[in-house]
Amino acid sequence: MPATRLLECAPCNLLVHAPAKGRTPCPSCGGALSEGLRDVGFHDDPRVLGVPGEPYVAPPEEAAPRAGKPAKLRCADGHRVRSKPERVIDDWLHKEGILHELEPILRGMRPDWRVGNVYVEYWGLKDQQGYEARRAAKLALYKKRKLRLVELFPEDLEDLESKLGFLREVRAPRLV
């Protein structure tokens with residue numbers, strides 16, 4: 001029996017049994033699948049495609065048309081984000097004159113924003129399959145690396161000043 005791993009497509013809310021090596025696109029949208037969910041016990045859930053030990057192969061009658069990637073919304077400063085709440089946060093940072101970097105690349109994760117040496121994450125997808133597992137894994141990386149993190153939730157959007165106001169005092173790294 002070939003080795004497989006259980007991968008996830010967060011936008012489609014699907015789990016897919018894929019070959020143990022190599023990259024496999026999401027059978028629904030064609031996007032990238034991410035690791036992080038293994039042995040989760042959802043083998044009989046209709047959102048899990050494929051059979052354990054066998055890579056997913058869509059039958060011709062089940063093959064879904066390739067959907068486009070999620071639309072990205074343009075912010076006031078030209079950044080492109082994936083949701084209206086993220087646009088609210090990015091626009092607030094811009095309006096307040098806080099220099100920020102959108103989705104900086106860090107080994108093993110991509111924070112939503114970086115302001116100087118402070119990272120900001122917006123956790124807005126409660127109850128989505130695998131979301132809490134990804135959140136826990138990201139939080140563990142922040143803790144392990146001793147990085148400063150501000151967590152934002154949907155209820156924080158009403159008063160971003162109380163959560164993010166201190167970022168005006170954070171100095172951005174100098175460019176050399």
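The values are calculated or read from the model by the stated rules, or taken from the named source; none is laboratory data. Given the structure is predicted, the values throughout are model-derived calculations rather than measurements. Backbone-built Cβ (ideal geometry, glycine too); neighbour counts: all protein chains shown.
Details
- Complete set of residues in segment 101-138 that are loosely packed, with under 15 Cβ neighbours inside 10 Å, without any contact (Cβ under 8 Å) to a residue 60 or more places away in the chain and assigned to a helix (DSSP H, G or I): GLU132, ALA136
- Only one entry of VAL81, VAL48, VAL40 meets the criterion of being touching a strand residue (DSSP E or B) at 6+ places or on another chain (Cβ under 6 Å), surrounded by 15 or more Cβ atoms within 10 Å (Cβ to Cβ) and modelled with pLDDT under 55, and that entry is VAL48.
- Pairs, first closer than 18 Å to GLU132 by Cα and modelled with pLDDT under 75 in segment 7-21, second among the aromatic types (Phe, Trp, Tyr) and outside any loop (DSSP other than H, G, I, E, B), C-beta under 9 Å, six or more apart: ALA10/TYR131
- Scanning segment 67-100 for residues that are in a loop (DSSP other than H, G, I, E, B) and touching a His at 6+ places or on another chain (Cβ under 7 Å) yields CYS75, ALA76, ASP77.
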